[in-house]
Amino acid sequence: LLLHYSPLFFLPFFTLLFFTGIFAEVECRASIGSATVVVIRGNAKTDAGAALKMQDKVAPGTTVITGPRSFVRLLFPDQTQLNVGPDSTMKIEPTKPGEASIVDLVGGQLRAKVTKDPHLSQTPNSAVKEKMVVKTKTAAIGIRGTDFNVSFNPLNNNTALITFEGMVVMAKVEQGANPFSALRRDSGVQSVGAGQFSGVQPD
């Protein structure tokens, strides 16, 4: 079930997001290589249990876990940045050169601002349609260049997306399904523009 709502209904939620320091605007671009921790508040660690500190390197394939009232900002060599919110678990999947970056949001929320890639707009028939794909257990979200916030609740498997600028595409996926295939379907793909909210529920 892919839900689409008017932005006015969620205006109080938007206001809360904009005025919490956790979700400062960040810039994202597709990237390869290790990230560096450039901002950290509270507690954050890797899936190996190592506490993250300023200037720590986070290699592709590493899972980042934040504690309550905590967040971490990661900076990649190409100036890609990701803010991971409190009580969140996120993994940056290893990808090959030329492939879209994949962010696996296991739980919690993140905010990113993805800069447009002129190369993508000039190659409409290219196999690579997005600069970045955020995936959850129930949704795939394709991004070319935009400012957005996405959250996933592992208790009810609901995924929620808010687009602040640009355009994002969103599709429901079954667990373990290929997120790129879901975004290429002829139906069931929702375009979410600036000021709009969309959600995916497992039923």
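The values are calculated or read from the model by the stated rules, or taken from the named source; none is laboratory data. From a predicted model like this one, the values you see are computed outputs, not experimental measurements. Every residue, glycine among them, receives a Cβ derived from its backbone with ideal geometry; neighbour counts consider all protein chains shown. These accessible areas exclude ligands, DNA and RNA; they are computed on the full protein's heavy atoms, side chains included. Shrake-Rupley method; radii C 1.70, N 1.55, O 1.52, S 1.80 Å.
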Being at pLDDT below 95 and open to solvent by 90 Å² or more (accessible area, probe 1.4 Å) is the filter here, so list the residues in region 57-68 that pass it. Lys57
Give the residue, chosen from Leu52, Leu82, that is in contact (Cβ under 8 Å) with a residue 12 or more places away in the chain and within 26 Å of Ala139 (Cα to Cα). Leu82
Which of the residues spanning region 24-56 are open to solvent by 90 Å² or more (accessible area, probe 1.4 Å), modelled with pLDDT under 85 and closer than 12 Å to Phe71 by Cα? none
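Being aliphatic (A, V, I, L, M) and out of contact with any Leu (no Cβ under 7 Å at 6 or more places or on another chain) is the filter here; which residues of region 163-203 pass it?
Those that are aliphatic (A, V, I, L, M) and out of contact with any Leu (no Cβ under 7 Å at 6 or more places or on another chain): Met167, Val173, Ala177, Ala182, Leu183, Ala194.
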Of the residues that sit in region 191-203 and are hydrophobic (A, V, I, L, M, F, W, C) and over 15 Å from Val114 (Cβ atoms), which one is most open to solvent (accessible area, probe 1.4 Å)? Phe197
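Listed here are the residues, each with its yes/no results for (1) open to solvent by less than 30 Å² (accessible area, probe 1.4 Å); (2) modelled with pLDDT under 90.
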{"residue": "Val133", "(1), (2)": "yes, yes"}
{"residue": "Ile141", "(1), (2)": "yes, no"}
{"residue": "Phe148", "(1), (2)": "yes, no"}
{"residue": "Thr159", "(1), (2)": "yes, no"}
{"residue": "Thr163", "(1), (2)": "yes, no"}
{"residue": "Lys172", "(1), (2)": "no, no"}
{"residue": "Ala177", "(1), (2)": "no, yes"}
{"residue": "Arg184", "(1), (2)": "no, yes"}
{"residue": "Val189", "(1), (2)": "no, no"}
Among residues belonging to region 70-86 that are among the hydrophobic types (A, V, I, L, M, F, W, C) and surrounded by fewer than 22 Cβ atoms within 10 Å (Cβ to Cβ), point out the one that is nearest to Pro60 (Cα to Cα). Phe76
Glu93: surrounded by fewer than 20 Cβ atoms within 10 Å (Cβ to Cβ), under 14 Å from the mean Cα position of the chain (by Cα) and at pLDDT 80 or above, yes or no? yes
Kindly provide the set of residues from region 34-61 that are in a strand (DSSP E or B), closer than 19 Å to Asp104 by Cβ and either in contact with a Pro (Cβ under 8 Å, 6 or more places away or on another chain) or not charged (D, E, K, R) (or both), ordered by number. Ala35, Val37, Ala44, Thr46, Val58
